[in-house]
């Protein structure tokens, strides 16, 4: 009796587990089928959208869409894919073609699709919505986009930063006044490209950014000064040579070269002793590019008396650029010159020939 009950119980357990496994298999198959259908739809829709975009760019907006495209254009998944494709295509074209793409965006009322994404919670959807609204020049969305400047996700706030500058140029950089996060090199490049001019009354704003406690803001501002050759702020850049960050000082040296005047090299020689090794090397590189004859004696001293091999190399190269090969050859033949110094000079002379 007990044995029969045990066998019956085990049978029920086995059937239950088997049923559960079958249900899981069916669920996986249904999900896989759904994913396959969705992938197939996306593939077909992508072909339709790419074809439509190509036709409109080549033949103009008067080209009517085929029946399948018109029928699919009411589907929310299709519309989101269409919006994504338009934003991607906008980056590849300019002028009339770009204007045509924006015409498609308006014709199919895709603005609402992009705006809806700004109310989502998923980071990639918010960032995508900002990208699409920016690409399609929906400037009325700017007040909403500006609220994402303080979003905790870098993916979101970087797109918001870019949108502000894309629409408002230099004025859109106001977020630099309060930003505490690092601006990546890639983001700095995007922002720099989007700023096409600097207002004449921008000195106070720029000075405040140079004095920012955020190193990346200072570096970005120095790049901005280089791009637009803001010579009036040369003294402000000089002050940055006392900045606690080595990376910031390096950028300051490069900016001084870009804004160079008759006293630049003399000033760099003056501050040189107080600079860390990396910055000293950068200063020597600047002297090589500047070719200011006032640096000759200074460079000779660095070549002969500095104990760092890297400094000696940069000093020798700078002397070569100043056409002081005769001095270098004489020094290399001097009996008191070390083997290291001779090799450094030979290397510098060889580089000059090459």
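Things worth noting here:
- Once the chain from residue 58 to residue 116 is taken as fully extended at 0.36 nm per residue, the excess over their C-alpha distance is 17.8 nm.
- Here 59, 347, 162, 234 are placed in order of increasing Cβ neighbour count within 10 Å, fewest first, which gives 59, 347, 234, 162.
- Stretching residue 208 away from residue 247 to a fully extended chain increases their span by 12.2 nm, per 0.36 nm per residue minus the current alpha-carbon distance.
- Label-to-label distance, nm, for residues given as residue 6 and residue 153 (7 Å Cα→Cβ offset): 5.7 nm
- Column: log10 I(q)/I(0), Debye, Cα scatterers of the chain, q = 0.07, 0.10, 0.12, 0.13 Å⁻¹: -0.56, -0.81, -0.94, -1.01
- Alpha-carbon Debye profile of the stretch 115-246, log10 I(q)/I(0) at 0.14, 0.21 Å⁻¹: -0.63, -1.22
- The chain, relative contact order [Cα under 8 Å, separation at least 6], %: 7 percent
- Added length on full extension, which subtracts the Cα-Cα distance from 0.36 nm per residue, residue 239 to residue 335: 30.2 nm
- Nearest 10 degrees, 0 to 90: helix 154-168 Cα axis against the chain principal axis: 70 degrees
- Reported to the nearest whole Å, the Cα centre-to-centre distance from the stretch 151-218 to the stretch 94-149 is 21.
- Pairs of C-alpha atoms in the stretch 106-166 farther apart than 18 Å represent 22 percent of all such pairs.
- The simple Förster model, with R0 at 30 Å and r as the Cβ-Cβ distance, assigns residue 192 and residue 293 a FRET efficiency of 0.35.
- Principal-axis analysis of the Cα atoms of the chain puts helix 246-258 at an angle of about 70° to the longest axis.
- Cα shape, the stretch 181-246, gyration tensor, a/c 1.5 rule: oblate
- Cα-based helix-to-principal-axis angle, 95-107 vs the chain, degrees rounded to 10: 30 degrees
- For the pair residue 124 and residue 267, a Förster radius of 56 Å applied to the C-beta separation gives a FRET efficiency near 0.70, rounded to the nearest 0.05.
The numbers here are math on the coordinates, done by the rules we state, and not lab data. Predicted, not measured: the structure shown is a model, and the values here were computed from it. As a convention, Cβ positions derive from the backbone with ideal geometry for all residues, glycine included, and neighbour counts pool all protein chains shown.
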